[in-house]
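The values are calculated or read from the model by the stated rules, or taken from the named source; none is laboratory data. Treat the numbers as computed from the prediction; the structure is a model and nothing was measured. We place every Cβ from the backbone using ideal geometry, glycine too, and count neighbours over all the protein chains shown. Just so you know, the surface numbers come from the protein's heavy atoms only, side chains and all, with ligands and any DNA or RNA stripped out. Shrake-Rupley method; radii C 1.70, N 1.55, O 1.52, S 1.80 Å.
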Amino acid sequence: MSMTHHAEPAVTTPPASGPQQTDGRTTRRPLALRLLARPEVGVFLGALAVWVFFLITAPPVREAASMANILYQSSTIGIMALPVALLMIGGEFDLSAGVAVITSALTASMLSYQLTMNVWVGVIAALVVSLGIGMFNGWMLVKTGLPSFLVTLGTFLILQGVNLAVTKLITGNVATDDISDMDGFDQAKKIFASSFEIGGVQVKITIVWWLVFAALATWVLLRTKYGNWIFAVGGNKESARAVGVPVTFTKISLFMLVGFGAWFVGMHQLFSFNTVQSGEGVGQELIYIAAAVIGGCLLTGGAGSAIGPVFGAFMFGMVQQGIVYAGWNPDWFKAFLGVMLLGAVLINLWVQRTATRR
């Protein structure tokens, strides 16, 4: 039996000259809109606008040495903003990050000086203390179920009081003793606080570390299983646990990463100035969190990147030094930052809504 049959010739209808109607769910949006939907693109445009603004209003910014100084200020914020951003993507935040930096520096300084030991002993001890603080925060969070705001607020107050009280008890002052003549100081300074010359301009080593850490954090988030775990626990930790994500390990390790960042920045401060003021660090945690938020990290967790906080930290460094170079009253710095934070968040929100609108 033949399966062949004859049919009337089909009438070919010419395609309509107007735009084709397609299902919005399958329409591929233009590249520009897809790029704008990414939060790091919005903060990049914001950072570019701030840079252009100070290029116009503050002529010293156009000099290479001034830009190196701006990048240095940005790096000291950015190194801490990176682990804070990862923690926020994981659904938590740390209010003790600012004073933890000073705790780390005080530990290394006083231990080395009071025991007359090589400064590397103090550096390693400070790393253990910093990681221990992060582990404590994470452990308290997962064991009690309390919000990270309450847990880390308690740690913030504890560390603030301990920093002042222990420093006064041991040194009789609010600052530590100078350790610049101790064994191992020069070697440690080369790692944490040295500078090198490029085209006659002195560049701080922290800028290099900042970019290295940013590249590493980006790779971890986008290319590793651990990065998937971070997004999963930040989005919905119960769902993440149901599919086998080690929620407890991920949360605690993220807090320990913040501890590592606090240790590194604390060592930079110690070996830059040779001494540490025990009352410093208060309020810095808000700058780290703001840099991450400006960079596109949501306070609710589950979204963000490592590149966005890099540009967020650059905006802070640019404003901090740009106000000085422009000859303005530096008392306006915090007010400017508040306006910048609100503006960046609103712009990011508008850009994302515009880009995702069908």
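Averaging Cα coordinates gives a centre for the stretch 239-277 and one for the stretch 67-120; these two points are 9 Å apart. Distance between the pseudo-spin-label points of L211 and T116 (7 Å out from Cα toward the beta carbon): 4.4 nm.
Each peptide in 206-219, 255-268 gets a packing score, the mean of other Cβ atoms within 10 Å over its residues, and the list from highest to lowest is 255-268, 206-219. Per-atom-type breakdown for the chain gives carbon and sulfur 66% of the accessible area (1.4 Å probe, protein chains only). Dipole orientation for the stretch 154-269: of the candidates F196, Q269, I158, I158 has the Cα lying most toward the positive pole (charges on Cβ; Lys, Arg +1; Asp, Glu -1).
Set against the labelled values [x] 18.8; [y] 25.2; [z] 28.6, mean projected area of the Cα convex hull in nm² computed from this structure falls on [z]. Taking 23 Å as the straight-line reach from the Cα of K190, the lysines in range (excluding those fewer than 8 positions away in the same chain) are K204. Name the residue, out of G302, G343, G42, whose mean-square fluctuation peaks in a Gaussian network model built on the chain with Cα pairs under 10 Å. Looking only at G302, G343, G42, the biggest GNM fluctuation is shown by G343. A straight Cα-to-Cα reach below 23 Å connects K225 with the lysines K237, K251, residues fewer than 8 places away in its own chain not being considered. When only Cα pairs below 8 angstrom with a gap of at least 6 residues are kept, the chain shows a relative contact order of 35 percent.
Remark: the stretch 212-358 carries 47 Å² of accessible area per residue (probe radius 1.4 Å; ligands, DNA and RNA excluded).
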